[in-house]
Structure formats: structure tokens, C-alpha cells
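Step one of this worksheet: look at the structure below.
FYI, it's all coordinate maths here, none of it is from the lab. For clarity, every value in this text was computed on a predicted model and none was experimentally measured. Cβ placement follows ideal geometry from the backbone for every residue including glycine, while neighbour counts extend to all protein chains displayed.
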Amino acid sequence: MIIIGENIHVIAKDVSVAIRERNATVIQGLAKEQTQSGAHYIDLNVGPMKKDTEETMKWLVNCVQDVTGLPLSIDTMNPVAMEAGLKYCKKRALINSASGKTDSKAQMLPLAKKYNCEVVISVMTDKGMPPEVESKIESIMETVSHANELGIPNEDIWVDPIILPVSTAGEGQNIAVGNLEFIKILQDVLPGVKSTVGLSNISNGVPAHLRPILNRTYLVMLAKNGLYSAIADPLDEELMAFMRGELPQITDLIHRTMDGEEIDLSPLSQKEAAYVKTARVLMAQSLYSDAWLEI
Amino acid sequence: MEYKAPKEAYKGNVREVTIGKGDKALKIGGENILPLHFFDEGTLPNPPRFVLEVLDMEPTEKTPHLLEPFGDAISDPIKWAKKCEGFGVDAICLTLISTDPAEKDAPAEGAAQLVKRMLGELKKPLIVYGSGDDKKDAEVLPKVAQVCAGENLLIGPVQKENYEVVGKAILDNGHVAIAQSPLDINLLKELNVKLCKFLPPERVVIDPLSSALGYGIEYSFSLIERVKQIGVITKDSMTMMPIIANLGDECWKTKQAKENKTQGLLWEGMTALSLYLAGANILVLRHPETLKLIKDTIGR
């Protein structure tokens, strides 16, 4: 599993302040920590970046490249900021992200060809987020085909089905199940493409101390279905241990839950039982509530 | 080829909850089929129960066509309740609105004594709602529970802010809780999980909040429908409780219901009928003619 380290993002106040004040220590600290923890890419989520775009991107990209040899994922919806960042990337970068929206197809996708880099393409279209697995597949096939016409091969495309919070009343759990299905069939419909997800969105809105177990369980589940990469927190040691295959027993329990087995919780440790309960919620076998571990 | 209609059998079973005691006892819920799925395998042992609501003080909102059937009784909650019994209800719902800090902020003790006196006068079981102010209810509802210990009242709303203190008083004094959450199935389940850590699930009834026609009834409808589906189809223990739809007051707050009588009756009637179809086990109404209208409609 390729892990794209998510920790440099402007939603975090210390990061946005550090970028504004050109405080390299904070940014480089995060880059180094993520590199040492085993990340494969460093994501630079800079938001829309409407001001001092050119200069800021140059500073940020160079600042990070000074302390890590990892390739970068430039994370912005603004094509001007994207291009400004790509110009300074030493390694083959990842555009994060393009989509099936008209603007994105016209302005973002061509940058992948121009700068010979890889590109995340989400299932979004002008109509928004396609609701069903079938319509997601339909929309991504259309956008990927457009990308192919621009000269971007499937191997350079990282498909993103868009993860939404599992706790969203009503639909959250069904969407979580749908995205597992999407990843499972992706290779059949678009051979050679890679895949990625914004993992932590699965636990958005959930009490902070309960977020990691949702993120980890869902990543193990997605991995079983063939997910190639995830934008995630490499500083979560247990998450990384799962990805290195160091927790085979719990992984097996999660897989069996996915396969519909009704696992008896009584002989399990508290931790093992918690993972099974979480997998049940993510498979929509049991209705979500913030108290899902307390049952 | 002969056509054979499919017949579903379900795993789950809505718990049968008893409120009141002795010859006043009333059973609610207990079904192991989806609402109105009489063609499937299973039964609905207890039909939906119809309740009229009385307030513990003279209403400040004086909609004439809503208050007219009760005459002078609206200034005396016990007379009002007895009048309601005459209209053929399964139970009476007393709302302690006077205890609301935004109304009279009446003290808990007086409210509890009123419940006790009313209990002695009624032939039907009693449902007691606090004002809905979670802090004040945390004083009022435990007091009601203590003063009426052993009477098996249905008491609420128990909310996430006060479930520990109110739930404990309900447990200790032998009553049944109305667990109320704000129109969200995940929050509804969470509250039930927390409450049922100390309260037996047979002592819990769900109030998902009931919005009136034109004011969000779709949310209440699909929520009630979903709670039933998840309980009956997937056997989710924490949603297998009967549901109370407390809709009367919500309907009579609307401009449309206040405007004229026919419109008001239809507004409350359509709201009640819809939530009945969704699967509510207890329907709380305000107007006796709505009660008649809906009973005639569903042919009870």
C-alpha cells in the first residue's frame, strides 16, 4: 500500500500559519516525521491558495524537498497553484486532484501531460458526486477515456471514488460499502489504473478518539479489495503496522467479517473485538452510532 | 403456473412494553413484521395506541377550535384528562409545560403531585412528558418518578444530556423511559446503547421527534420506517423498541391548523395517519375529532 502522508494541510492551523510566515521548521518537521514513519509520498494540501500563489508554492515545494527525497503530491483544486508547484518538483509528482468536471478536464488534466506526472482523478462530475457504484464507474470511465485522449496512460491515473463519512445519517454506511465494491471492480473496468482514497474522511464527524480505529479498519478492508494507495496519516503506528502485514490475526478477523462470517466475539481480546465491531459497521451489517464499540 | 405470493419472515421482534399497572396496564409494540405487512409471516399483537394530550396549565395559545371540545376543563388538567377519557383513548399524555423555564418555571414538586393526583383519578394509563428543557427535566422527571414510584408510568423525554439522572430515576422507581433524539438514526441508536447499559431495553420507548405535515414530516416518516426496518429485518437490538409519535402539539403549532377547524383536523389527521403507516406504536394527538377521524379511517 502506497501511503501519501496527509499531515501537511492548511486546515491545520499551525500549517497555515507556518506557510504564511514562511516558517520552514514546522513544515520540514512534518515532512521528516512522515518520511521516517514510512510514507511514500508527501501530500501538500494548500487549499485554493489565491494569494502569492507562485512564490508560496516555490517556497513550500523547495522547503519540503530540502529534507525529504520522497515524491510530492500537490493537493489543490486551483490549477494555477498546481502548476506553480509542479514546476519545482524534482521527482515525478502526483496531481491531487483532477475530476470529471468541465473546468478540471480543461485546466487540470492537461498539466499531467505537460509536466509528465501522475494524476488523481476523482469520480466527481459537473452534476456532483454520482450516487451509485454504477454511476461512479460510468463517470470515471468517461473521464479516464478523456485523459487517455490527452495522452495520459491508465498507469499514470490514480482513481479516487471519494470517501464520505460513515457517520452521515442514512447514507454514510451504504456509501462506505459501495466504495469497497468500487475498488473491487475497478481493475476489471479500467485495467492498469491505480487507485487512491482520502482515508480519514471515513471518520469525519466522529469523536476524535474513535477516528483511528475506523480509518485503520477501513484501510485494511480497502486493501483486501485491491486499493493501491491512500492519503492517510503515516504517524498512526498501528495503521502502518497493518500495512506492513504485522497484524495478521486482526487483519484476518476483518477479512472474515467482510466475507459475512458471524464471528463469535467472546474468545477475542477487547482490541480484536473492537476491530470486528468496526468492520461490521463499515460493512453496514450493524447500524452506525458513535457508541458502536460499547455494544 | 400457479402464482404464489412471496411471504417474508423476519429475524427481529419489536419488544413488547407494558405501561401502567393492574387493570390499567397497556401493552404496546411486540410485532415481528414490518408495519401493515399482515401478508408476511408474523403478527402485530398490539395495534397502535391512540392518546390525547393534556397540558398541566391553561394553554397560552388559545386556538378556539382546538380548545372548544374541552370547554372549561382546560383550566383544570385533571378535568381535562377525564374529559379525554370520554373520547375513547388508550392512554392520557400529560405534558408538564408549566415547568418550562420559558413558561412558568413551576417547581418539580408541584408538578409531581399533580401527576400523582391525576393518576388516582384516571382509568387509563398515563404518559408524562416534561417540558423538554433538559436541565429542568433533570429535576422534574426524577421527582415525578419518585412520587409515583411503582406506577409504571411512561416518562420522557430522556435526552442525551440528562439520560443518566432521569434514566436512573426511571429504573429505581419502576417506570418506562421515552428516549428522545433529534431526528437522526445514529444518535437514536447511541442514546439507546447508553441508556440500556443500566436500563432493561424492555423499559424503553423511542421518540424520534415527530414533525408535522409540511414542516418536515418526511424526516420523521423515513426515520420511523428505517428504525422498524433495522429492528425487524436486521434484528438490531438497539432499535427494537416501540415508537411513540408525539405529533399533536407539532400540528397545532402550524399556521394551517390554527387557521380553521377542518384544516386543523386534516393537518393533524394526515400527520398521524402517515406516521401510523411508517410504524408508530403510540400516536399522541390533541383534538378528539382527529382521534375519531383517524380511527374511522383505519377502521378500528
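Of all DSSP-defined beta bridges confined to segment B:16-294, some 15% are antiparallel rather than parallel. Antiparallel beta bridges, as assigned by DSSP with both residues in chain A, represent about 5 percent of the total such bridges. Alpha carbon centre of segment A:100-140 versus segment B:55-129: separation in Å? If you average the Cα positions of each part, the centres end up 61 Å apart. Quick check for you: which residues of segment A:59-87 have the amide N under 15 Å from the point 7 Å beyond the Cα of A:ARG22 toward its beta carbon? The answer is A:59-64.
With neighbours defined as other Cβ atoms within 10 Å of a residue's Cβ, the residues A:THR143, B:THR254 order from fewest to most as B:THR254, A:THR143. For B:VAL205, the residues whose amide H sits under 5 Å from its own are B:ALA177, B:ILE178, B:ALA179, ignoring neighbours fewer than 5 places away on the same chain, with H placed 1.01 Å from N.
Distance between the 7 Å Cα→Cβ label points at A:LYS91 and A:TRP59: 2.4 nm. Taking amide H positions as modeled 1.01 Å from N, with prolines and chain starts lacking one, the residues under 5 Å from B:ASP56 and 5 or more places away or on another chain are B:THR95, B:ILE97, B:SER98.
Cβ-to-Cβ counts within 10 Å put A:THR102, A:THR278, B:THR271 in ascending order as A:THR102, A:THR278, B:THR271, the fewest first. In sequence order, segment A:258-265 has phi-based couplings of 4, 7, x, 5, 8, 6, 6, 7 Hz under the Karplus curve 6.51 cos²θ - 1.76 cosθ + 1.60, θ = phi - 60°, and Gly or Pro positions carry x.
Cross-link partners for A:LYS114 among the lysines, with Cα-Cα distance under 17 Å and sequence neighbours closer than 8 places in the same chain left out: A:LYS87, A:LYS90, A:LYS91, A:LYS105. Across B:GLY216, B:GLY130, B:GLY20, mean-square fluctuation computed from a Gaussian network of chain B (C-alpha pairs under 10 Å connected) peaks at B:GLY216.
Computed from Cα atoms, the angle from the helix A:53-65 axis to the main principal axis of chain A rounds to 60 degrees. Taking other C-beta atoms within 10 angstrom as a stand-in for reagent exposure, B:MET57, A:MET124, A:MET141, B:MET1 fall in the order B:MET1, A:MET141, B:MET57, A:MET124, fewest first.
Could you give the angle, 0 to 90 degrees to the nearest 10, between helix A:133-149's Cα long axis and the longest principal axis of the Cα atoms of chain A? The angle comes out at about 30 degrees. Computing FRET efficiency as 1/(1 + (r/R0)^6) for B:LYS160 and A:ASP14, where r is the C-beta to C-beta distance and R0 is 35 Å, gives about 0.60. When the C-alpha to C-alpha distance is required to be over 19 Å, the pairs from B:LYS27/B:LYS123; B:LYS83/B:LYS292; A:LYS136/B:LYS189; B:LYS228/B:LYS253; B:LYS136/B:LYS194 that qualify are A:LYS136/B:LYS189; B:LYS228/B:LYS253; B:LYS136/B:LYS194. Any idea what angle helix A:211-224 forms with the longest principal axis of chain A, computed on alpha-carbon atoms, 0 to 90 degrees, nearest 10? It is inclined by approximately 90 degrees. Secondary structure note: in the protein assembly as shown, about 10% of the DSSP beta bridges are antiparallel. Residues considered: A:GLY226, A:GLY29, A:GLY172. Largest GNM mean-square fluctuation over chain A, using C-alpha springs under 10 Å, is found at A:GLY29. Between B:PHE198 and B:LYS235, what is the FRET efficiency for a Förster distance of 30 Å, r being their Cβ-Cβ separation, to the nearest 0.05? According to the calculation, E is roughly 0.85. Given R0 = 22 Å, the distance between the Cβ atoms of B:ILE298 and B:HIS37 translates into a calculated FRET efficiency of 0.90.
Let me make sure I get this right: for segment A:2-234, a, b and c are the square roots of the gyration tensor eigenvalues over alpha carbons, sorted descending. Under 1.5 in a/c it's rounded, otherwise prolate if a/b > b/c, else oblate. Which is it? Oblate is the answer for segment A:2-234, as a/c is 1.5 or above yet b/c matches or exceeds a/b. Counting Cβ atoms of other protein chains within 10 Å of each residue's Cβ and taking the mean over peptide A:283-295 gives 6.
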